[in-house]
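Data first, discussion second: the structure below is written as structure tokens.
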Amino acid sequence: MPERKNIHFFYRKGTQLQDKIDRLKNIAIDYGFNLVDHFRDANIIASIGGDGTFLQAVRKTGFLEDVLYVGVSTGQLGFYCDFDIDDISGMLDAMLNEQIEVRRYPTIKVQIDKDSSFYCLNECSIRSGIIKTLSLDLYIDDLFFERFKGDGMVISTPTGSTAYNKSLNGSIVDPMLSCMQISEVASINNNHYRTLGSSFILSSARALEIRMVDDGNTSPIIGMDNEALSIRNNEFIRIELSGKRIKTVKLKDNSFWHKVKRSFL
Ligand code: NAP
Ligand code: MN
């Protein structure tokens, strides 16, 4: 499959694993792959590290839809890393196999005011950057839904449901469902403030709009997966499922639910 032969390795520079990475590159060349320095020339982008590195690999290369992202783990196998750096021939065999199956992971699109938009593979989180709570008005499509007061909100994709969302008691969602889950971070609930209290899931046909309520907290922080952004408190945020899907390799006996079982049970 010549169209799958250009491979770009993404890793954090200065890593102590340089020897292993060099060995990996040599094995890839032996298998007939071309190593490309720039991800724009690649058909396969192999991230070397953990899930955090995979998130960075996808973000730094711009959420490309026409490449196959492959996660190579340097420690324990995670959710985005299907291969182990010490057992790499299985990965290269899989890449060369014409029967290779891909899976496509839904992403969410986050629009801040009119001008800038971002994609997330795990989640978008909105948190107070100071000790004071944050107040947010939530709209589902055009319906005013609730006024939230607390530490923040996390809007996760299905694959992100096992990450931050899980720590907030959100549900684990099968990535074959295109949807997003909204979970609260420490909401205040009393006779003045009322929120739903449980996580909820929106379909791909809906949008969530979050408007900052000006109550003196001017320091909200937005997290896009593992990258942070400061925003002004008068801005609005619109979040919906994006049309972009991230392609990864689908392996036998390593489905999403295998990974959930392996990691948590
Ligand atoms: P980190 O703070 O170093 O790591 C958080 C942990 O989450 C790591 O063990 C990471 O795995 C794991 N992880 C990442 N994506 C995952 C996924 N989809 N399912 C299950 N576990 C996942 O930061 P990071 O490594 O750059 O990862 C960023 C992610 O951390 C964020 O997207 C967010 O989901 C999560 N996070 C969680 C909390 C929380 O649970 N309280 C708070 C902040 C952020 P690796 O070790 O393989 O990288
Ligand atoms: Mn990490």
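The values are calculated or read from the model by the stated rules, or taken from the named source; none is laboratory data. In this text, all values refer to a predicted model and were calculated from it rather than measured experimentally. Glycine gets a Cβ as well: all are built from the backbone with ideal geometry, and neighbour counts include every protein chain shown. To get the accessible areas, we keep the full protein, side chains included, count just its heavy atoms, and leave off ligands, DNA and RNA. Shrake-Rupley method; radii C 1.70, N 1.55, O 1.52, S 1.80 Å.
Summary table below
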| item | result |
| --- | --- |
| The chain - Debye-derived log10 I(q)/I(0), Cα point model, q = 0.12 Å⁻¹ | -0.75 |
| Debye, to nearest 20: dipole size of the stretch 121-265, +1 on Lys, Arg Cβ, -1 on Asp, Glu Cβ | 640 |
| Potential lengthening between Tyr193 and Asp253 on full extension [0.36 nm per residue; Cα-Cα distance subtracted] | 17.0 nm |
| Surface accessible to a 1.4 Å probe, per residue, for the residues of the stretch 6-98, Å² | 46 |
| At 1.002 mPa s and 20 °C, Stokes diffusion of the stretch 118-265 via Kirkwood alpha-carbon radius, µm² per second | 134 |
| Calculated FRET value between Phe264 and Leu35, using beta carbons and R₀ = 25 Å, to 0.05 | 0.10 |
| 222 nm mean residue ellipticity, helices alone, for the chain (DSSP H n ≥ 4; -39,500 (n - 2.57); rounded to 500) | -4500 deg cm²/dmol |
| Computed FRET value (nearest 0.05) for Arg23 with Ile172, which takes r as the C-beta separation and R₀ as 25 Å | 0.10 |
| The stretch 6-98: Cα Rg divided by the 2.2 N^0.38 Å rule of thumb | 0.97 |
| Protein accessible area in the chain, 1.4 Å probe - carbon and sulfur % | 47 |
| Efficiency of FRET between Ser204 and Phe236 - r from beta-carbon atoms, R0 25 angstrom, step 0.05 | 0.75 |
